[in-house]
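K.L.:
Take a look at the following structure, please.
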Amino acid sequence: QVQLVESGGGLVQAGGSLRLSCAASGGTFSRYAMGWFRQAPGKEREFVAAVNWSGNSTYYADSVKGRFTISREIAKDSVSLQMNNLKPEDTAVYYCARRAGFKPYLLSDYGDWGQGTQVTVSS
């Protein structure tokens, strides 16, 4: 079974940038749509961004549109999330996931999940 491993989280000041990466171990997700979700303390996990298997269709939550960019490098079997102009409300654990269903925004349509990486944005 494929394992997803996120990296790139950390502490950044408001207005700063971070780039998260997700790599596959023990398998591949090159033919799957992928997504990023996040979960803040005391809140439910929410959709952030998604990309289809070829990388030519992307989807974003309204709260991150224009600030975050999802991309994938098929040759490297990786997916990235470039986060610019970060805000304190972006603070959360960010998860990479492989989509098994057809709806990019729907959490239950995702099967395999990474362990998450913490992003903290200070004001």
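K.L.:
For the stretch 43-83, name all the residues that are on the phi > 0 side of the Ramachandran plot and either among the polar types (S, T, N, Q) or at pLDDT 95 or above (or both).
P.N.:
GLY66
K.L.:
Considering GLY15, GLY27, which residue is outside any strand (DSSP E or B), out of contact with any His (no Cβ under 8 Å at 6 or more places or on another chain), closer than 13 Å to ARG98 by Cα and small (Gly, Ala, Ser)?
P.N.:
On the way: GLY15 fails: closer than 13 Å to ARG98 by Cα.
Going through GLY15, GLY27 in turn, the sole match is GLY27.
K.L.:
Give me a count of the residues in the stretch 72-91 that are under 10 Å from the mean Cα position of the chain (by Cα) and closer than 17 Å to LEU4 by Cα.
P.N.:
Adding up the residues that qualify gives 3.
Table: residues versus (1) under 15 Å from SER30 (Cα atoms); (2) in contact (Cβ under 8 Å) with a residue 12 or more places away in the chain; (3) among the β-branched types (Val, Ile, Thr); (4) touching a helix residue (DSSP H, G or I) at 6+ places or on another chain (Cβ under 7 Å).
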| position | (1), (2), (3), (4) |
| --- | --- |
| GLN82 | no, yes, no, no |
| VAL93 | no, yes, yes, no |
| PHE102 | no, no, no, yes |
| THR117 | no, yes, yes, no |
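K.L.:
A further question on this structure: Hey, can you tell me all the residues within the stretch 82-123 that are part of a loop (DSSP other than H, G, I, E, B), open to solvent by less than 30 Å² (accessible area, probe 1.4 Å) and closer than 24 Å to GLY10 by Cβ? Steps first, answer last, please.
P.N.:
Within the stretch 82-123, the subset part of a loop (DSSP other than H, G, I, E, B) is 84-87, 91, 100-106, 114-116, 123.
Adding the requirement that they be open to solvent by less than 30 Å² (accessible area, probe 1.4 Å) leaves 86, 101, 104, 114, 116.
Result: LEU86, GLY114, GLY116.
K.L.:
Checking CYS22 against (1) part of a loop (DSSP other than H, G, I, E, B); (2) surrounded by 15 or more Cβ atoms within 10 Å (Cβ to Cβ), only one condition comes out false. Which one?
P.N.:
(1)
K.L.:
Further, regarding this structure: Looking at the stretch 31-51, which of the residues that are open to solvent by less than 30 Å² (accessible area, probe 1.4 Å) and without any contact (Cβ under 8 Å) to a residue 60 or more places away in the chain is farthest from VAL5 (Cα to Cα)? Can you show your working first?
P.N.:
Within the stretch 31-51, the first condition is being open to solvent by less than 30 Å² (accessible area, probe 1.4 Å), and the residues that meet it are 33-38, 40, 47-51.
Next, only the ones that are without any contact (Cβ under 8 Å) to a residue 60 or more places away in the chain stay: 40, 48-51.
Numbers: ALA40: 19, VAL48: 17, ALA49: 17, ALA50: 16, VAL51: 17 Å.
So, considering only residues that are open to solvent by less than 30 Å² (accessible area, probe 1.4 Å) and without any contact (Cβ under 8 Å) to a residue 60 or more places away in the chain, the one farthest from VAL5 (Cα to Cα) is ALA40.
K.L.:
Determine which single condition ALA14 fails, assuming it passes every other condition in (1) open to solvent by less than 40 Å² (accessible area, probe 1.4 Å); (2) under 30 Å from SER123 (Cα atoms); (3) of a type in the set (Gly, Ala, Ser).
P.N.:
The failed condition is (1).
The values are calculated or read from the model by the stated rules, or taken from the named source; none is laboratory data. Predicted, not measured: the structure shown is a model, and the values here were computed from it. So basically every Cβ, Gly included, is an ideal-geometry build from the backbone, and we count neighbours across all protein chains shown. These accessible areas exclude ligands, DNA and RNA; they are computed on the full protein's heavy atoms, side chains included. Shrake-Rupley method; radii C 1.70, N 1.55, O 1.52, S 1.80 Å.
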